[in-house]
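The values are calculated or read from the model by the stated rules, or taken from the named source; none is laboratory data. Keep in mind that this is a model prediction, so the values were computed, not measured. FYI the Cβ positions are ideal-geometry reconstructions off the backbone, even for glycines, and counts take in every protein chain you see. All accessible areas refer to the heavy atoms of the entire protein, side chains included, with ligands and DNA or RNA removed. Shrake-Rupley method; radii C 1.70, N 1.55, O 1.52, S 1.80 Å.
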Amino acid sequence: MNKSFACALVLAGGKGTRMHSDSPKVLKTLLGESMLYYVYKALKPALGEDVFTIVGFEAGQVESAFPDMKDRFVLQAEQLGTGHALQMGWDRIKDSGAEYCLVINGDTPLIQEQAVTDFLEAVKNDVADLSFMSITPDKPAAFGRVIRDKAGRVTAIVEAKDYDESVLGPASGEVNAGIYCLKISAVDSLLSKLTNNNKSGEYYITDLVDLAVECGMNVTAVNAGNSIDLMGINSPLELAKAESALRLRTAEKLLENGVTLHNWESVVVGPGVEIEPGAEITGPCEIYGSSKICRGAVLQSHVRIVDSFVESGAIIKAYSHLEEAQVGRDCMVGPYGRLRPGAVLEEESKVGNFVEVKKAVLGKGAKASHLTYLGDSEIGAGTNIGAGTITCNYDGVNKHKTVIGEGAFIGSNTALVAPVTIGKGALIGAGSTITKNVKDGDLGVARGRQVNISRTSKKS
């Protein structure tokens, strides 16, 4: 699709009262990403960067969530309806140089790029002045009803609350999906004719259909059957159903591509995640952000991964959490391991149960098997970290680094007070508090001398 053929206007200014939220409805998330994220993702292949967004309620939150779009937001200070939103963005639309404008609500996260492309192609083939997508759902709910004449031509869209069967007759079941394609030169003269003479006192974009029909313009409706992909989200229940549908769609695609999923109905994978064929995942499991799971990696149940990289042969055991971490080939994490931002596990290293790693690198084959905190650290290959070891990296003002050389052995219950360096092959006695550097191969011990005192009193 030629970019100059169409631009897009996303309507994202509403509060979404039925969501009972203090944040804009379009920022509610599915699989870790906002509704608006999915709409942008569906539009980009056909329209590129020619996408404008109407913002209103808590506009700053929406703009902050998409800094790359900052020059393409249009403020609707008063939310007076969809027609008013279109009027607010019309100057930007005309300045885009496009022939058509696709108008879409920001609360339709299930829409896919193929549906957008097909719709634009249909408009192009029909040479329509105004076209919209319609659906025939099992429950029409609050969607606007599509009115056609006996010849099947579209004559109007009537909002559900304004539909009077005594005047219009029984509804057909076909409803407006809220996605329009407007020929800019044709619709330009109609916008000023919109009124708010209805029960809501708002300006409806649907009234453009009436106006276009009256002017003899070519008005078409592209029916998409009963597809739920085009339906907007207006309540927590609808959000949950949409997220469930998206989760299952994603899991099915992974299975088809060769990823092994156990308890697959409870595997949650975000839209930006890459999982290679041959990976094995057991649900419940959550993977979000820009994470990548390589072929041969194994994720056990109750694992949560965000923006992390897991290489081939790595095993992430149950109940482990990874955030902005890198796990190398044939590594092992958990169970109950926690890798925080900046954690890097090089090949064959191990982080065991109840070990927390933050902004630290474990060299090849290094091990911290249990009950340990490693922060702001560099740990050499082959080093063994005993149970209960902690790096004391924070002095109350600044963070300091701990460096441990290759092949060192850190005894259990050791406190390493940074900044400190432990040399290659060094041995730290259990229970030590190390505040000074230890040279290569040396033994470091820092603890009070044991004193045994008899508890048996002397007989008189």
Considering the options H302, S34, A387, tell which one lies farthest towards the positive end of the dipole of the chain, charges being +1 on Lys and Arg and -1 on Asp and Glu at the Cβ, about the Cα centre.
A387
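Tell me the Kirkwood radius of the range 176-321: reciprocal of the mean inverse pair distance over distinct alpha-carbon atoms, in Å. All intermediate terms of the calculation are to be shown ahead of the outcome.
Details: mean 1/r = 0.0530 Å⁻¹.
For the range 176-321, the Kirkwood estimate is 18.9 Å.
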At a Cα cut-off below 16 Å, give the lysines reachable from K364, other chains included and same-chain residues fewer than 8 away excluded.
K350, K424
Kindly express, to the nearest 10 degrees and within the range 0 to 90, the angle between helix 236-256's C-alpha long axis and the longest C-alpha principal axis of the chain.
70
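Provide the convex hull volume over Cα atoms per residue for the range 65-127, in Å³.
Numbers: hull volume 8.3 nm³, N = 63.
Spelled out: Cα convex hull of the range 65-127, divided by residues, is 132 Å³.
Note down the magnitude of the dipole of the range 118-212 about its Cα centre, charges +1 on Lys and Arg C-beta and -1 on Asp and Glu C-beta and zero elsewhere, to the nearest 20 debye.
Details: 10 positive and 15 negative charges, 15 e Å.
So the magnitude is around 80 debye.
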Please sort by residue number the GluC sites (Glu not before Pro) in the range 89-145 whose DSSP state is loop and whose Cβ has at most 10 other Cβ atoms within 10 Å.
none
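Computing the accessible area with a 1.4 Å probe over protein heavy atoms, can you report the carbon and sulfur percentage for the range 334-428? Numbers along the way, then the final one.
Values: 2060 of 3850 Å².
Carbon and sulfur atoms account for 54 percent of the accessible area of the range 334-428.
Grab the eigenvalues of the alpha-carbon gyration tensor for the chain, scale each by 5, take roots, and send me the semi-axes largest first in whole angstrom.
Values: eigenvalues 753, 91, 82 Å².
The equivalent ellipsoid of the chain has semi-axes of 61, 21, 20 Å.
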Relative to the longest principal axis of the chain, what angle (0 to 90°, nearest 10) does the C-alpha long axis of helix 113-126 take?
20
What's the extension gain from K424 to K193 if we count 0.36 nm per residue and subtract their Cα-Cα distance?
75.1 nm
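Can you give me the orientation-averaged projected area of the convex hull built on the Cα atoms of the range 156-211, in nm²? Walk me through the intermediate numbers first.
Values: hull surface 17.7 nm².
Over all viewing directions, the range 156-211 projects a mean Cα-hull area of 4.4 nm².
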Which percent of the accessible area of the range 176-251 is formed by carbon and sulfur heavy atoms (probe 1.4 angstrom)?
49
Of the options Q87, Y204, A343, report the single residue whose Cα projects farthest towards the positive end of the charge dipole of the chain (beta-carbon charges: Lys, Arg +1; Asp, Glu -1).
A343
Would you check the accessible area of S189, probe 1.4 Å, heavy atoms only, in square angstrom rounded to 10?
70
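Using 32 Å as the Cα-Cα cut-off, could you pick out the over-long pairs in K70/K139; K25/K359; K317/K359; K358/K439; K44/K161?
Details: K70/K139 38 Å; K25/K359 35 Å; K317/K359 21 Å; K358/K439 25 Å; K44/K161 34 Å.
Flagged as over cut-off: K70/K139; K25/K359; K44/K161.
Kirkwood hydrodynamic radius, computed over distinct alpha-carbon pairs, for the range 315-387: how many Å, to one decimal? Show your work: numbers first, answer last.
Values: mean 1/r = 0.0896 Å⁻¹.
In the range 315-387 this quantity evaluates to 11.2 Å.
Once you charge only the Cβ atoms, +1 for Lys and Arg and -1 for Asp and Glu, what is the size of the charge dipole of the chain about its Cα centre, to the nearest 20 debye? Working shown, then result.
Numbers: 47 positive and 55 negative charges, 569 e Å.
The calculation lands at about 2740 debye.
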Round to the nearest 10 and give me the degree value, 0 to 90, for the angle of helix 82-95's Cα axis relative to the longest principal axis of the chain.
80
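Which net charge results for the neighbourhood of A142, defined as the other residues with beta-carbon distances under 12 angstrom from its beta-carbon, given Lys and Arg at +1 and Asp and Glu at -1? Walk me through the numbers on the way to the answer.
Details: positive: R18, K139, R145, K161; negative: E159, D162, E238.
With Lys, Arg at +1 and Asp, Glu at -1, the neighbours total +1.
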Those lysines that a straight Cα-Cα span of less than 18 Å connects to K253, excepting residues fewer than 8 apart in one chain
K41, K292
Compare V158, V361 by solvent-accessible area with a 1.4 Å probe and give them largest first, with all protein chains kept in place.
V361, V158
Sorted by accessible area with a 1.4 angstrom probe, largest first, how do Y336, Y100, Y40 fall?
Y336, Y40, Y100
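Carbon-plus-sulfur fraction of the accessible area of the range 16-145, 1.4 Å probe, in percent?
Details: 2580 of 5660 Å².
On the range 16-145, the fraction of accessible area on carbon and sulfur atoms equals 45 percent.
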For the chain, dividing by residue count, accessible area per residue (probe 1.4 Å) in Å² works out to 48
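Using only Cα atoms, what Kirkwood radius does the range 29-177 have, in angstroms?
Values: mean 1/r = 0.0578 Å⁻¹.
Over the range 29-177, the inverse of the mean reciprocal pair distance is 17.3 Å.
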Rg and Dmax of the range 148-252, Cα atoms, in Å?
16.6, 48
Cβ-placed point charges (K, R +1; D, E -1), dipole of the range 267-322 about Cα centre in debye, nearest 20:
120
